[in-house]
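Encoded as structure tokens, the structure appears first; notes follow it.
Derivation of every value follows stated rules applied to the coordinates shown; laboratory data play no part. Predicted, not measured: the structure shown is a model, and the values here were computed from it. Every residue, glycine among them, receives a Cβ derived from its backbone with ideal geometry; neighbour counts consider all protein chains shown.
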Amino acid sequence: MSLLIGALTIGFILSLLALGVYVSFRIFDFPDITAEGSITLGAAVTATLLANGLSPLPATAMGFVAGLAAGSITGILAMQFQINRLLSGIITMTALYSVNLRIMSRSNIPLLNENTVVSQAEKLGLRWFRAASVPLLGWEVSVRDLALLLLVPLLITVACVLLFFFFRTNLGTAMRATGDNAQMIRALGADDRRMVILGLALSNGLVALSGAVLAQYQGFADVQMGIGMVVWGLASVIIGEALVGTRQLGFAITGAVMGSVLFRLLVAVALRWGLNPNDLKLITAAFVFIALILPKLLRGVPTWQRRLARA
Amino acid sequence: MLEIEDVYKTFHEGTAHEVRALQGVNIHVDDGSFTVVIGTNGSGKSSLLNSIAGTFFVDRGRLRVDGQDMTGWPECRRAGMLGRVFQNPFSGTAPNLSIAENLALAATRGGRRGLGPAVSSRLRRQMREVVAQLKMGLEDRLDTPIGTLSGGQRQALTLLMAVWQRPRLLLLDEHTAALDPKSAEQVVALSEQVIARDRLTTIMVTHSMQQAARLGDRLLMMHQGRVLLDLRGVQKKRVRAEELLARFEDVRRSDLLDESAAEMLARCYV
């Protein structure tokens, strides 16, 4: 049971990553790989501030802000300096590795004894339930896990609602149009370069926020924690699109969250069944590969059948 | 109103793909005039519109609007006074955004876009009214993604978007060339209607001699990056499509002569 609750909670935390990937990959059609560095950046900034005694909410917010900065750097490289989009992300990501080490001044910061969002949630849980663990559907569940399972989705819901309304403002609509048809938005008087920079900032802000919360949940920030995260987020987005079946804004946002949670659950089940954790990234990559080519293969089926019928 | 002075533009200069698109163009466009531009492929007629819109910066020469020098203005700054419709009906709209959202972007053309809702209920009412004039039944489908509409419908909407806020100058770049005959006719009729209603200063590039003869009060024929023919007033009114075609034929023949003569010279002397 606690395995299930843990998977759900991490799925919700990583849905911020999925939303960030959705913004860059889907809304702006920008294959932004900065996320691998900015998720660690969010974790590193927040963990360092927490270890220095800053209270949890401002520390988490600073993680988000650091992500904004990282994203805008990639945006400036790609749009102002006209560097290839993939390369811009790689440059920022590589630089962030050193930046993250500098911020943490070592490769790992433990947070188990710090005052974090998670320890706050645990306190809140103790006050609500007045016990260290409560029975749930016949299982003993610690109030820490239960409080987090209630609070994290709440945070995600707030983030989703804000994101949804933001993308329906004048500015947000112009940003979505930029990814859709840059020529059109220039003709309507928006600076498409500025739009992309803003969009990447937002995307990486979300990713860094995800990292900030994840570090507090797992109890440490580690310089390696970002590896493979872009593909992970992309897998969530693709599953989400398959679940909701449309790319309309509201559905797509909900889909990204659902995709992230479902993907994390599938992974938890697979690990439970004896999947070697070392194979996880290989399987994630293979999954994204199949999901990307599947539509093309399916489109090819009718012609293939025709050919067969003719023969 | 618009002054184009001695404008030059060469693409891919010094390479095998060098294209001398504009070679000393001088045009003064009067306020409220409707100029039609024709020319063969590669004559520079689309480059002319793009140089005005700021798709690229010109190599030499000046562009002035209402006395202000806009030669160095980026595209998005010029957009504040320009309405544009492109040849490709897919170029003027964002396919995954709804009709209403596309129109809302047009309603804020050239202005600052802040955090207010893009499609307010007042704007939506206004949209229903304006879109209903198209008589395409789109007023009840304001929330459908614009990418699901036909080319003709999208081009009609692009035109509405271009004139939603009255532009100082309307640029139409072969905007009916990619449409089927019936849609093309509808879009031309709509263009005539809005241009007359708002008295818009317009420059229209077209491939159709019929349109060129019938529409507008001034006609420019471009060839090899220069203005070859400039008809106004009575001359423009009298001109017929057949004459324009004959002019084209003349131009083409002289081109052929040039080429074969050059070839002969090359054979004899190189």
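In the range B:28-67, how does Rg compare with the Kirkwood Rh, expressed as the Rg/Rh ratio over alpha carbon atoms?
Rg/Rh for the range B:28-67 comes to 0.97.
Among the chymotrypsin sites (Phe, Trp or Tyr not before Pro) within the range B:1-86, which fall in a DSSP loop and have no more than 16 other Cβ atoms within 10 Å of their own Cβ?
B:56, B:57
If R0 is 41 Å, what FRET efficiency do you get for residue B:185 and residue A:94 from their C-beta distance, rounded to 0.05?
Efficiency, from the Cβ-Cβ distance: 0.10.
Name the long-range amide H neighbours of residue B:202: under 5 Å, sequence gap of 5 or more, or other chain; modelled H, no Pro or chain starts.
B:33, B:34, B:35, B:170
Pick out which of A:159, A:44, A:235 has the largest mean-square fluctuation in a Gaussian network model of chain A, springs linking Cα atoms closer than 10 Å.
Its mean-square fluctuation being the largest, the pick is A:159.
Contact order normalised by length for chain B, with contacts defined as Cα pairs under 8 Å and 6 or more residues apart; what percent is it?
25
What share of all Cα pairs of the range B:113-270, in percent, falls into each consecutive 5 Å distance bin?
Values per bin, smallest distances first: 1, 7, 13, 15, 15, 13, 9, 7, 7, 5, 3, 2, 1, 1, 0, 0.
When the expected Rg is taken as 2.2 N^0.38 Å, what fraction or multiple of it is the alpha-carbon Rg of the range A:2-225?
For the range A:2-225, the normalised Cα radius of gyration is 1.09.
On a 0 to 90 degree scale, rounded to 10, what angle separates helix B:181-198 from the longest Cα axis of chain B?
Result, in degrees: 80.
Just B:123, B:220, B:49 to compare: in a GNM of chain B, with alpha carbon springs under 10 Å, which one fluctuates most?
Looking only at B:123, B:220, B:49, the biggest GNM fluctuation is shown by B:123.
Pull out a ≥ b ≥ c, the square roots of the eigenvalues of the alpha-carbon gyration tensor of the range B:19-108, then state rounded if a/c is under 1.5, prolate if not and a/b is larger than b/c, and oblate in the remaining case.
Prolate is the answer for the range B:19-108, as a/c is 1.5 or above and a/b outweighs b/c.
Rounding to the nearest 10 and keeping the result within 0 to 90°, find how far the Cα-based axis of helix B:241-269 lies from the longest principal axis of chain B.
Taking Cα atoms only, the helix is inclined about 50 degrees.
If the range B:2-238 were replaced by its equivalent ellipsoid, with semi-axes equal to the square roots of 5 times the Cα gyration tensor eigenvalues, what would those be, largest first, whole Å?
Here the semi-axes work out to 30, 20, 17 Å.
Compute the length gained on full extension between residue B:126 and residue B:253: take 0.36 nm times their separation in residues and subtract their Cα-Cα distance, giving the result in nm to one decimal.
Fully extending the segment from residue B:126 to residue B:253 adds 40.5 nm.
For a quick check: sort B:51, B:120 by the number of other beta carbons within 10 angstrom, fewest at the front.
Ordered by Cβ neighbours within 10 Å, fewest first: B:120, B:51.
Taking amide H positions as placed 1.01 Å from N in the peptide plane, with prolines and chain starts having none, which residues 5 or more places from residue B:227, or on another chain, fall under 5 Å of its amide H?
B:26
Count the lysine pairs in chain B that are 8 or more places apart or on different chains: how many have C-alpha atoms under 27 angstrom apart?
Lysine pairs, 8 or more places apart or on different chains, close enough: 7.
Taking only DSSP H segments of four or more residues, each worth -39500 (n - 2.57), what value at 222 nm results for the protein assembly as shown once the sum is divided by all its residues, to the nearest 500 deg cm²/dmol?
That comes out to -19500 deg cm²/dmol.
Hey, in the GNM for chain A with a 10 angstrom Cα cutoff, which one of A:223, A:261, A:134 fluctuates hardest?
A:134
What Kirkwood hydrodynamic radius, in Å, does the range A:91-209 give when the mean of 1/r is taken over all pairs of distinct Cα atoms and then inverted?
This gives a value of 18.3 Å.
Just the Kirkwood number for the protein assembly as shown, please: inverse of mean 1/r across all distinct Cα pairs, in Å, one decimal.
Across the protein assembly as shown, the inverse of the average 1/r is 27.4 Å.
Rounded if a/c is under 1.5, else prolate if a/b beats b/c, else oblate: with a ≥ b ≥ c from the C-alpha gyration tensor eigenvalues square-rooted, which is the range A:142-226?
oblate
Counting other beta carbons within 10 Å of each Cβ, put B:9, B:45, B:182 in order, fewest first.
Going from sparsest to densest Cβ surroundings: B:182, B:9, B:45.
Determine, for B:175, B:17, the number of other Cβ atoms within 10 Å of each Cβ, and report the residues in order from fewest to most.
Fewest to most other Cβ atoms nearby, the residues stand as B:17, B:175.
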